[in-house]
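K.L.:
There's a structure below that I have some questions on.
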Amino acid sequence: MTRQEIKAFAKEKIKNGNWYKILGAAIIAGIISAVTGSIKTDNELLYLIVNIISMIITAIIDIGLVNYMVNLITDQERSYELLFSKFKYWKNIAITYFWQLIKVFLWTLVFIIPGIIKRYAYSLVPYILNDNPEIDPKEAIALSEAMMQGHKGELFLLQLSFIGWSILGAFTLGILYLWLIPYMQTAMTKFLYEIKTNYENANKKPTEPINTTAVAA
């Protein structure tokens, strides 16, 4: 699908009350992340532990939000319970999340641009974990890199296309964001889901181990 088709799909999808349901899911996910991340303590070790737990919870909720959004664009049954559907896989999600974080950090040390490119390359990790939360962390990251080859620039341009709306939202004191957040969330989900689906349709065994040294940025 073209960028215009994806955005048209998103606009159609958020009609008939879906926009406030998506907004509700995003707000719930945001509140949980904010609350867990706002816990303060003077004990440095305890503060570190709390922050690690907060990042893990945020990662799990993010995948839960992906679960909710994928069900929305594929017309499957959905409820806010999906936001919490991956907690039993917390250990593998945590390992994948931190391994991804480390890789982005190391690439950023080389230069800022490679770090940004890697962030785009790992965009499909939550979608892969949503479908297979027990997948090997390194395999999930390598698979996302393979799926995003040739699409990182497209994702950047899709995000860039919302800048005008974002600026306009600022002039409405944030009121426009009540519509814009569901619109953007739906468009991004549709774009990434299409990439993942097309890759899987083109490969008979999409979860087969990938030679990570052969995956380019």
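K.L.:
Do any of LYS15/LYS190; LYS7/LYS118; LYS15/LYS152; LYS7/LYS190; LYS152/LYS196 go past 19 Å between their Cα atoms, and which?
P.N.:
LYS7/LYS118; LYS15/LYS152
K.L.:
While we're looking at this one, here's another question. Taking a cut-off of 20 Å between Cα atoms, list the lysines near LYS88, but don't count ones fewer than 8 places away on the same chain.
P.N.:
Result set, ordered by chain and number: LYS138.
K.L.:
What is the extension gain from GLN4 to VAL110, computed as 0.36 nm multiplied by their sequence separation minus the C-alpha to C-alpha distance, in nm to one decimal?
P.N.:
34.6 nm
K.L.:
Multiply the residue separation of PHE84 and ARG119 by 0.36 nm, subtract the distance between their alpha-carbon atoms, and state the gained length in nm to one decimal.
P.N.:
Stretched out fully, the PHE84 to ARG119 stretch lengthens by 10.2 nm.
K.L.:
Can you give me the distance in nm between label points at PHE171 and ILE102, each placed 7 Å from the Cα along the Cα-to-Cβ direction?
P.N.:
4.8
K.L.:
Counting just the Cα atoms, what span does the chain cover along each of its three principal axes? Round to the nearest Å and put the largest first.
P.N.:
50, 43, 37
K.L.:
Moving to a separate point now. Which length gain, in nm to one decimal place, applies between ALA34 and SER161 when the Cα-Cα distance is subtracted from 0.36 nm times their residue separation?
P.N.:
That pair, ALA34 and SER161, stretches by 43.0 nm at full extension.
No value in this document is a laboratory result; all are computed from the given coordinates. Since the model is a prediction, treat every value here as computed from it, not as a measurement. Note: ideal-geometry Cβ built from the backbone for every residue, glycine included; neighbour counts use all protein chains shown.
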